[in-house]
Amino acid sequence: MSAFSLVDGVLHAESVSLELIAKKFGTPCYVYSRAAIESAYREYEAACAGRNALVCYAVKANSNLAVLNLLARMGAGFDIVSAGELARVTAAGGSPEKILFSGVGKTETEMRQGLAAGILCFNVESEAELERLNSVALSMGKQAPISLRVNPDVDAQTHPYISTGLKENKFGVAYDDAPRLYRKAAGLPGLRVTGIDFHIGSQLTQIAPFEAALDKILEFVDMLDATGLPLQHFDLGGGLGIRYSDETPPAISQYLNSLFARLGSRRQRVLLEPGRSIVGNAGILLTRIEYLKTGGDRNFAIVDAAMNDLMRPALYEAWHDVVPVAPRDGVERSYDVVGPVCESGDWLARNRRLSVASGDLLAVLSAGAYGMSMSSNYNSRPRAAEVMVDGEKVHLARARETVDDLYSAERIMP
Ligand code: LLP
């Protein structure tokens, strides 16, 4: 069930009218449903019942403190990729001992901060990183818990920009090189080898690539085990897709059951790093039509949200459904929904049949993941407000940025 539905002809987030939210907080505005976030997380939890498993939400999908705090309260762990995300998780009440640190370019400072916080594991992505982490840990008199991100060379069958598990991608260590690197890691005194991880891409709508990747990883794990290097955890990454239009991704339970079946009687702890499938359909971007421009080759609905607010269409030609908040009868026209930014790539949706007038509110759906977290200030546009709805209650999760915020760190030369 969607958290966003029509009530008396007006789109609501749970029990709150989006018209009311626009009036109170202005537009553009991201609106999230607490119930939707919690229910997706619970689906993960339910599928993991009876297993030693930890769901480490991928912070990059939506890093608002209110979102992180809800998940922390439910017991989630977190997958981070920067010191900034580490600070966010801590500020939101997340436990360091449930944090995974992923990413190909961890700096020495980030390693120090992760070690000082006592995080669960560093997902190491190269030999050079292994060596750096070893020396940083030794300099602090610590041992860093590590996993190697092994690239299984599997085609995730998703958009090339969000496919990460092929040989040509920058992520992880090569499958064939992994045995040597594990042996090397085991011999480095500043490291404690605890697990293995893989992540082959994002917005996957089929289970087969996950299965193929896990099979290859398990084959490798067994080989490692036979050479006297047993692992304590398997991190199966994230990547499960959501429905934006007519995709038919497997349910969370279906996806996990099929992976868990492959683990058979293995008792190692399982870690997961889902992002989009927890928050993607729990959020929308609320925007108002400033102008309609009709009569030329194309019709444009020029709205007050832009590529700086939601970059996915410009970056991946991603498709997001766009619906009127208060649908009206009348002639439908085909519109390109575009923002005010000075780029032809600044569109949110193209060729959509809509019956609208200027001043109308539109909701860009499925915008809870990689929406606000990828936003920018391009064209000196303050970032949107973020609101979390909880039943009939509305919580301002992030105030709209002000124009002063935009250049308060800038200095004119004397
Ligand atoms: N773990 C790692 C190591 C990752 O790199 C990612 C996402 C995740 C977990 C979470 O993946 P998810 O469950 O959200 O698919 N900006 C793109 C998506 C980039 C994904 C980057 N990595 C988009 O808007 O589609």
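The values are calculated or read from the model by the stated rules, or taken from the named source; none is laboratory data. A quick note: this is a predicted structure, and the numbers were derived from the prediction, not measured. Note that we place each Cβ from the backbone using ideal geometry, even for glycine, and neighbour counts take in every protein chain shown.
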Exercise for the section: With respect to VAL394, determine if the residue is closer than 14 Å to THR287 by Cβ and buried (at least 18 other Cβ atoms within 10 Å of the Cβ). Expected result: no
Problem - Single match in LEU148, LEU166, LEU120 (criterion: farther than 16 Å from ILE80 by Cα, under 23 Å from the mean Cα position of the chain (by Cα), of a type outside the set (Ser, Thr, Tyr) and within 16 Å of the ligand (Cβ to nearest atom)) - result: LEU166
Practice task
State the number of residues belonging to segment 216-257 that are at positive phi and surrounded by 13 or more Cβ atoms within 10 Å (Cβ to Cβ).
Solution key: 2
Problem - Out of LEU259, LEU263, sole residue that is over 20 Å from GLY368 (Cβ atoms) and either touching an Asp or Glu at 6+ places or on another chain (Cβ under 6 Å) or within 16 Å of the ligand (Cβ to nearest atom) (or both) - result: LEU259
Exercise for the section: Determine whether PRO313 is surrounded by 19 or more Cβ atoms within 10 Å (Cβ to Cβ), within 30 Å of ASP215 (Cβ to Cβ) and not hydroxyl-bearing (Ser, Thr, Tyr). Expected result: no
Exercise for the section: Any residue in segment 311-335 that's in contact (Cβ under 8 Å) with a residue 60 or more places away in the chain: show its pairings with residues that are within 16 Å of the ligand (Cβ to nearest atom) and charged (D, E, K, R) at Cβ separation under 8 Å, as long as the two are six or more apart or on different chains. Expected result: ALA318/ARG312; HIS320/ARG312
Handout entry: Subset tally (residues that are crowded, with 19+ Cβ neighbours inside 10 Å and either out of contact with any Lys or Arg (no Cβ under 6 Å at 6 or more places or on another chain) or of a type in the set (Gly, Ala, Ser) (or both)) for segment 352-369
Key = 12
Completion exercise
Expected single match for modelled with pLDDT under 95, among the small types (Gly, Ala, Ser) and assigned to a loop (DSSP other than H, G, I, E, B) among GLY359, GLY368, GLY330 is GLY330
Practice task
Identify all residues within segment 138-161 that are of a type in the set (A, V, I, L, M) and either part of a strand (DSSP E or B) or surrounded by 22 or more Cβ atoms within 10 Å (Cβ to Cβ) (or both); write none if there are none.
Solution key: ALA144, ILE146, LEU148, VAL150, VAL154, ALA156
Exercise for the section: Return the only residue of ASN308, ASN377 being surrounded by 24 or more Cβ atoms within 10 Å (Cβ to Cβ) and among the polar types (S, T, N, Q). Expected result: ASN308
Problem - segment 362-382, residues that are within 16 Å of the ligand (Cβ to nearest atom) and over 9 Å from ASN308 (Cβ atoms) - result: VAL364, LEU365, SER366, ALA367, GLY368, ALA369, TYR370, GLY371, MET372, SER373, MET374
